[in-house]
1. Taking the Cβ of each residue in 157, 188 as the centre, tally the other Cβ atoms inside 10 Å and list the residues starting with the fewest.
2. Counting other Cβ atoms within 10 Å of each Cβ, which GluC sites (Glu not before Pro) in segment 100-164 have at most 11 and sit in a DSSP loop?
3. Rounded to the nearest 5, what % of DSSP beta bridges with both residues in the chain are antiparallel?
4. By how many nm would the segment from residue 86 to residue 73 lengthen if fully extended, with 0.36 nm per residue of separation less the alpha-carbon distance?
5. Assuming 0.36 nm per residue, please report the length gained on full extension of the stretch residue 134 to residue 166 beyond their Cα-Cα distance.
6. What length, rounded to one decimal in nm, is gained on full extension from residue 115 through to residue 213, with 0.36 nm per residue of separation minus their alpha-carbon distance?
7. Considering segment 1-124, what Rg and Dmax in Å follow from its alpha-carbon atoms?
8. Among 161, 67, which comes first, second and so on when ranked by fewest other beta-carbon atoms within 10 Å?
Amino acid sequence: MSLLEIASVHSGYGKMTVLEGVNLKVEKGEFVVVIGPNGAGKSTLLKTIFGFADLHRGKITYEGREISGLKPEEISPRGVAYVPQDNNIFPSLTVLENLEMSAILYERDSRTRLDGVFSKFPRLQERRYQSAGTLSGGERQMLAMGCGLMIEPRLMLLDEITGGLAPILVVALFEAVRGVHQEGTSLLMVEQNAQKALNVGQRGYILEGGKVKLEGEAAVLLKNEEVIKHFLGV
């Protein structure tokens, strides 16, 4: 039984369809990446899983139970954390308050999780009393990931978390993501940086026009001529 299974999913926003017949799986402990051009439906895929987009047809199963059409507040307590690209923190609160808020909402003991988050993101510990709205772009993404980790997720959905960041911060975030996976959290990551995503992920899917065009082991996709030509800039 797969941790997450998406079967023949058609979804979008209202009457507008974005995804058409998408099939995808994430096994327990796996790191899966989704790449593709702008407008391919990558972010819509994660929003559909988490209940932010409209599921028109198809089935989504998590830990053997159907979650098709559930709301985000029904999905998150099951152990699923969603980290969107934008609007993913409370800017008027401090770093520490953002993290504690995430733990309180899900009735988790915050002390152990805080220590874990700060060990992964020392910069957040240094800025724990600073207003989140004054953080840099990279620090905000670290905080958003940290908030997700506060609920001790079994699955994290990461949406373009390196978008618009300086190269040095991209490297730091990918290392943090790798560390989260190595500690046992399953990951489904949508990412514009195909090369780096396929280098850290185990399996990959390529979305194009709302459909899965290619899928396979990440190492194999890195050597695929079509992937190299259209997505790796070689």
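Throughout, read-outs are computed from the coordinates displayed, never taken from laboratory work. Everything quoted here is computed from the prediction, not taken from an experiment. Every residue, glycine as well, gets a Cβ built from its backbone with ideal geometry; the counts of neighbours run over all protein chains shown.
1. Values: 157 24, 188 27.
Starting with the residue having the fewest Cβ neighbours, the order is 157, 188.
2. Here the sparse-neighbourhood loop sites are 107.
3. Numbers: 23 of 40 bridges.
In the chain, DSSP labels about 60 percent of beta bridges as antiparallel.
4. Details: separation 13, 0.36 × 13 = 4.68 nm, distance 1.87 nm.
Separation in residues times 0.36 nm, less the Cα-Cα distance, equals 2.8 nm.
5. Values: separation 32, 0.36 × 32 = 11.52 nm, distance 1.72 nm.
Taking residue 134 through residue 166 to full extension adds about 9.8 nm, to one decimal.
6. Numbers: separation 98, 0.36 × 98 = 35.28 nm, distance 4.10 nm.
Using 0.36 nm per residue and subtracting the Cα-Cα distance, I get 31.2 nm.
7. Taking only Cα atoms of segment 1-124, I get Rg and Dmax of 16.3, 45 Å.
8. Numbers: 161 24, 67 20.
Going from least to most buried by this count: 67, 161.
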